[in-house]
Amino acid sequence: MRIFLAPMEGVVDFQMRQLLTSIGGLDGCVTEFLRIGEQRLPRRVFTKLCPELLQQSRTPSGTPVAFQLLGGNAEAMAFNAAKAAGLGADSIDLNFGCPAKTVNRNDGGAKLLQEPKRIHRIVKAVRDAVPSGIDVTAKIRLGFQDRSMGLENAHAIADAGAQQLVVHARSKNDAYRPPAYWDELRPIRDQLNIPVIANGEIWSPDDLQRCADHSGCEDFMIGRGLLARPDLALAIRNPDAHQAWCWEDILPLLLDFFRKGIEQYPEKYCGNRLKQWFMYLQRNYPEAELFFNQLKRLRKRDEIEMLFAHHAKEQKIELAS
Ligand SMILES: Cc1cc2nc3c(=O)[nH]c(=O)nc-3n(C[C@H](O)[C@H](O)[C@H](O)COP(=O)(O)O)c2cc1C
């Protein structure tokens, strides 16, 4: 079984990849997406999005990082994929699942699921442009308006030479509303001759087991579940031996993440990524709700630092100063 950390724009950046892969249990992760128009992008754009390019495309704990591209222009996708490969990308991941209006209006993401032939052209152009030793993978939803196009798009991608396919078990119109339709992954998994990775609504080891039973898939990609429970991959891999992490294990990670973010983002944004993470943590940790209720009004670095200190004292948790 392989478990991948899902790409999440605005949340799973370089630091989050470093943090979550260092906990263990993950076989791979993906950058945020690089949106491709028609232009050739310069080197610094690639290395900013994926500083791991300078470290053999591995996170510090050695987990491979796939470089994610999004766009509808096959030629531009191909030459920018070749550029990422030339800069040392481990694999190229193509995003055909993004539901965002701005992305879909600009000819990218899930909108392309309505045009399997175009998807085939894009994947083939990228596959042809990238050296054979570098995998080209794709991520789709089951369709755009409804879930009827999953199999056709999956075949289009596999026939174009992709090495692996992740399927988020919903349509674009399903957005993020539960449930995920794991049963509908089974025909894709059965008919494709490349690995099919199941994705969507895996929040616990039990969910993963049910997803495996319904979909027949052996590999999984998890997004929000790993934010809500950073030790989830460990719990899945060692159901008997693993002791679930408590708030005392999580709070130091949050402080570390916040402080590293300060070095990289302007002060007015530095709490935003932290807030996003807290939204998911509240699902498993009541303490996260307490913290978040105070955090949501804060913008300044010093105020957030003080909140950490105050909260740690109340919870009797020792934090690095
Ligand atoms: C905030 C956020 C950002 C996302 N960004 C991307 C992205 O850049 N590329 C992509 O293919 N999917 C993206 N997704 C979708 C996730 O990768 C994943 O398919 C989805 O969250 C379902 O999996 P989960 O239930 O395990 O979270 C994003 C999801 C969220 C919640």
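The values are calculated or read from the model by the stated rules, or taken from the named source; none is laboratory data. Keep in mind the model is a prediction, meaning the values are calculated, not measured. Note that each Cβ is placed from the backbone with ideal geometry, even for glycine, and that neighbours are counted across all protein chains shown. For accessibility, only protein heavy atoms count, side chains too; no ligands or nucleic acids. Shrake-Rupley method; radii C 1.70, N 1.55, O 1.52, S 1.80 Å.
Quick check, is residue 135 closer than 16 Å to residue 165 by Cα and more than 14 Å from the ligand (Cβ to nearest atom)? Spell out how you get there, then give the answer.
On the way: closer than 16 Å to residue 165 by Cα: yes; more than 14 Å from the ligand (Cβ to nearest atom): yes.
When the stated conditions are applied, residue 135 passes them.
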Among (1) open to solvent by 20 Å² or more (accessible area, probe 1.4 Å); (2) assigned to a strand (DSSP E or B), residue 173 falls short only on (2)
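Yes/no matrix, rows are residues, columns are (1) modelled with pLDDT of 95 or more; (2) closer than 27 Å to residue 211 by Cβ; (3) within 16 Å of the ligand (Cβ to nearest atom); (4) in a strand (DSSP E or B):
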{"position": "4", "(1), (2), (3), (4)": "yes, yes, yes, yes"}
{"position": "11", "(1), (2), (3), (4)": "no, yes, yes, no"}
{"position": "22", "(1), (2), (3), (4)": "yes, yes, no, no"}
{"position": "26", "(1), (2), (3), (4)": "yes, yes, yes, no"}
{"position": "38", "(1), (2), (3), (4)": "no, no, no, no"}
{"position": "54", "(1), (2), (3), (4)": "yes, no, no, no"}
{"position": "62", "(1), (2), (3), (4)": "yes, yes, no, no"}
Here is a check on your reading of the model: is residue 42 within 18 Å of residue 257 (Cα to Cα), more than 16 Å from the ligand (Cβ to nearest atom) and surrounded by fewer than 20 Cβ atoms within 10 Å (Cβ to Cβ)?
no
Which of (1) without any contact (Cβ under 8 Å) to a residue 60 or more places away in the chain; (2) over 22 Å from residue 38 (Cα atoms) is the odd one out, the single condition residue 163 does not satisfy?
(1)
Conditions first: (1) more than 17 Å from residue 17 (Cβ to Cβ); (2) near the ligand (Cβ under 10 Å from one of its atoms); (3) open to solvent by less than 10 Å² (accessible area, probe 1.4 Å); (4) among the hydrophobic types (A, V, I, L, M, F, W, C). Residue 250 passes all but one, so which condition is the exception?
(2)
Only one of 61, 57 is farther than 19 Å from residue 10 by Cα, in the same structural domain as residue 233 (by TED's automatic domain parsing), hydroxyl-bearing (Ser, Thr, Tyr) and open to solvent by 40 Å² or more (accessible area, probe 1.4 Å). Can you tell me which?
61
Within segment 142-165, how many residues are in contact with a Phe, Trp or Tyr (Cβ under 8 Å, 6 or more places away or on another chain) and farther than 18 Å from residue 121 by Cα?
2
Considering only segment 255-264, state which residues are free of Cβ contacts under 8 Å to residues at least 60 places away in the same chain and not aromatic (Phe, Trp, Tyr).
259, 262, 263
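Any idea how many residues of segment 253-294 are farther than 27 Å from residue 49 by Cβ and in contact with a helix residue (DSSP H, G or I) (Cβ under 9 Å, 6 or more places away or on another chain)?
So the first thing to find is which residues in segment 253-294 are farther than 27 Å from residue 49 by Cβ, and the list is 282-294.
From what's left, in contact with a helix residue (DSSP H, G or I) (Cβ under 9 Å, 6 or more places away or on another chain): 282-292, 294.
Residues meeting the conditions: 12.
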Members of segment 25-45 that are over 16 Å from residue 95 (Cα atoms) and touching a Leu at 6+ places or on another chain (Cβ under 6 Å):
25, 26
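How many residues are without any contact (Cβ under 8 Å) to a residue 40 or more places away in the chain and either in a loop (DSSP other than H, G, I, E, B) or over 18 Å from the mean Cα position of the chain (by Cα) (or both) if we restrict to segment 40-52? Break it down stepwise before answering.
So in segment 40-52, the residues without any contact (Cβ under 8 Å) to a residue 40 or more places away in the chain come out as 42, 44-45, 48-52.
Imposing the further condition that a residue be either in a loop (DSSP other than H, G, I, E, B) or over 18 Å from the mean Cα position of the chain (by Cα) (or both) reduces the set to 42, 44-45, 50.
Here the count works out to 4.
Just to be sure, is residue 255 more than 13 Å from residue 203 (Cα to Cα), hydrophobic (A, V, I, L, M, F, W, C) and surrounded by 17 or more Cβ atoms within 10 Å (Cβ to Cβ)?
Values: more than 13 Å from residue 203 (Cα to Cα): yes; hydrophobic (A, V, I, L, M, F, W, C): yes; surrounded by 17 or more Cβ atoms within 10 Å (Cβ to Cβ): yes.
When the stated conditions are applied, residue 255 passes them.
Give me a count of the residues in segment 274-288 that are out of contact with any Asp or Glu (no Cβ under 7 Å at 6 or more places or on another chain) and within 16 Å of the ligand (Cβ to nearest atom). Talk me through it step by step, then tell me what you get.
Step one: of segment 274-288, the residues out of contact with any Asp or Glu (no Cβ under 7 Å at 6 or more places or on another chain) are 274-281, 283-288.
Remaining after also requiring within 16 Å of the ligand (Cβ to nearest atom): 274-281, 283-284.
So the count comes out to 10.
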